[in-house]
Amino acid sequence: MKSIRGFTIDDYTLYNEEVPIIPLKSPFGHLGEKYIFLMYRLQYTNDTIKELYDLNQEYVDLRKNHQYDNNINLKILHRVLRFSTEIKIIMDEMISLYYILEYNKPDGNWPKKIEIDSIGRYLETNNNIKYKLFDKHIATLETINSIGNAIKHSFVNSEITWARSQIKDPLLFGYYQKQNDLKNKVEFHYIELPKFIDDFNILLDDYRFDLKHNYKEQSYRDNNF
């Protein structure tokens, strides 16, 4: 089973090693604590991933024996909903944190509003604020955004996602009808969980590297080190 490379806050040494050197105090709160909490939440999405793998295997084993248990389907659906929405919320906050840091970098000023506060806002065609970090991972961002919106906002979605395949690795999918308007066609979105975890970990590694190496000067300036 693959897992997301977050971390747990087990000791002070780990805390010091993992917290990037960034400005800490901002009008939007303590940015170091925000970063740590995001990574902490990512680590615990692995609990949901393990449950998805276990339940999916249980489902596959039942189908091999020509048996069926709707309770397993419901449990899988619940974990799909939980994983998809949590990853979407965490990624939205990662983008918000990055926007704050980039705004602050040139002269130490803070934004009065987080203009880019979600994946959807970053991906909008009228958004002229772009970052190389995220542009490298547009496909992963689009995947998170599409499945997250399908799960969170589309009325036609939830009961359809009861359907399961009999493949070994979990497959998360959802149907999205924009604004729940019949004039808009229903779109199908899916995540092959193992591949998604690989792609997300690459994005996460780049994100953590960027925060640990690109904001030291403004950190010394703003934190008065």
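Computed quantities for the displayed model
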quantity	calculated
The range 116-135: number of residues that are within 19 Å of the chain's Cα centre (by Cα) and more than 23 Å from THR85 (Cβ to Cβ)	5
Helices (runs of 4 or more DSSP H) fully within the range 64-153 counting 1 or more residues that are in contact with a helix residue (DSSP H, G or I) (Cβ under 9 Å, 6 or more places away or on another chain), within 27 Å of ILE49 (Cα to Cα) and hydroxyl-bearing (Ser, Thr, Tyr)	70-104, 119-123, 138-153
Selection status of SER96, within 12 Å of the chain's Cα centre (by Cα) and among the small types (Gly, Ala, Ser)	no
Hits in the range 193-225 (condition: over 18 Å from MET91 (Cβ atoms) and either modelled with pLDDT of 90 or more or among the β-branched types (Val, Ile, Thr) (or both))	PRO194
Unmet requirement for TYR12, which otherwise passes all of (1) in contact with a strand residue (DSSP E or B) (Cβ under 8 Å, 6 or more places away or on another chain); (2) at pLDDT below 85	(1)
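The values are calculated or read from the model by the stated rules, or taken from the named source; none is laboratory data. These numbers were taken from a predicted model, which means no experiment stands behind them. Please note: Cβ atoms are built from the backbone with ideal geometry, for glycine as well, and neighbour counts cover all protein chains shown.
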